[in-house]
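The values are calculated or read from the model by the stated rules, or taken from the named source; none is laboratory data. Every value quoted in this text rests on a predicted model; they were computed, and no experiment measured them. So basically every Cβ, Gly included, is an ideal-geometry build from the backbone, and we count neighbours across all protein chains shown. When the accessible area is computed, the model is the full protein with side chains, heavy atoms only, and any ligands, DNA or RNA have been set aside. Shrake-Rupley method; radii C 1.70, N 1.55, O 1.52, S 1.80 Å.
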Amino acid sequence: MTQLTFKCFLKRAKDKYPIEKISVNHFKWLEKANNYYKKNPQSIQTNNCPGIISLLQTGWIQRAYQDITITTNGDGTHFKWQTPYDQKRGKFGVPLDDYVSFHSYDQLEKFRSSGDHCLDTVIKIHSPWHVSVPKNYYLLSTAVPYNDDNSFSAATGLLKGDQYLNIQLFWHKLEGTHTIKAGTPLCYYLLIERKKMNYKTKLIKNIKEIHKEEMHV
């Protein structure tokens, strides 16, 4: 059996906000949608979309184990942060530095612009989590799909072997103060098998060709 192992340096994070399977119960907007459609059954019900629901039932999420307050001043670059617990004072110390850090402008955004909707400085979360990805697999790390909190989105990457699960956040609120509440999903993980896949593209002349191929899949 394939074994994916998440290990944590902080008991408080593991006990209260462990990395766990993603669930539709993690998203408040779905509860609002369900209540709305009960009262408006004639509406097109996106909360039953198979693509959305399947995604929100597959993979894992890492959540914030404490509040994270981010303040920006409108210059598109600088930010201040605050958390109630100083994790670098824990018994592990390094690699558990401050919970919040950053990647400077010349590490990424100097070479690819995120436009006017994103801070030039990438906010880094020094996660207390580590992962052991099984051989012949990647762990996709990416933004939480259909997240309730739209103030940020996690950068995307493919992990293999043993890795610290630090999170790089693109920050979208360029002026003011916003708090990511403890328990908020920060990052989404999906296990992907590393294997070669043949593929082709073809032009169809008749819509019936699609249905013929579907019958043989």
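Identify which of Q87, Q163, Q42 has the largest mean-square fluctuation in a Gaussian network model of the chain, with springs joining Cα atoms closer than 10 Å.
Per the Cα network of the chain with a 10 Å cutoff, Q42 tops the list.
What's the magnitude of the charge dipole for the range 109-217 around its Cα centre, counting Lys and Arg as +1 and Asp and Glu as -1 at the beta-carbon? Answer in Debye, nearest 20.
Working: 15 positive and 11 negative charges, 145 e Å.
Magnitude of the dipole: close to 700 debye.
Given T83, L10, F111, which one lies farthest toward the positive end of the charge dipole of the chain, if we put +1 on the Cβ of every Lys and Arg and -1 on the Cβ of every Asp and Glu?
L10
Stokes-Einstein diffusion coefficient for the chain at 25 °C in a medium of 0.890 mPa s, Rh from the Kirkwood formula over Cα pairs: what value in µm²/s?
Values: Rh = 19.8 Å.
Here the translational diffusion coefficient equals 124 µm²/s.
Using only Cα atoms, find the angle between the long axis of helix 207-216 and the longest principal axis of the chain, and express it within 0 to 90 degrees, rounded to the nearest 10.
The answer is roughly 80 degrees.
If one puts a single equal scatterer on every Cα of the range 146-217 and applies the Debye formula without solvent, what log₁₀ I(q)/I(0) results at q = 0.26, 0.28 Å⁻¹?
Computed log10 I(q)/I(0) values: -1.32, -1.42.
For the chain, set up a GNM with springs between Cα atoms under 10 Å and report which of I207, I70, I192 has the largest fluctuation.
Taking springs between Cα atoms under 10 Å, the residue moving most is I207.
Which distance in Å, rounded to a whole number, links the C-alpha centroids of the range 106-145 and the range 1-30?
18
Taking the 0 to 90 degree range and rounding to the nearest ten, how far is the long axis of helix 28-39 tilted relative to the main principal axis of the chain, both from C-alpha atoms?
Taking the Cα atoms of the chain, the angle to 28-39 is about 50 degrees.
Which of the lysines could be linked to K88 by a straight reach, that is with a Cα gap under 17 Å, when you skip same-chain ones fewer than 8 residues away?
Leaving aside lysines fewer than 8 places away in the same chain, those within reach of K88 are K11, K14, K124.
Below 26 Å, Cα to Cα, which lysines can K38 reach? Residues fewer than 8 away in the same chain don't count.
Those lysines meeting the cut-off are K28.
Leaving out ligands, DNA and RNA, and with a 1.4 Å probe, what % of the accessible surface on the chain is carbon or sulfur? Mind dumping the intermediate values first?
Values: 7190 of 13880 Å².
On the chain, the fraction of accessible area on carbon and sulfur atoms equals 52 percent.
I need the Debye-formula profile for the range 19-131: one equal scatterer per C-alpha, no solvent, reported as log10 I(q)/I(0) at q = 0.14, 0.16 1/Å, two decimals.
Debye curve over Cα of the range 19-131, log10 I(q)/I(0) at q = 0.14, 0.16 Å⁻¹: -0.88, -0.99.
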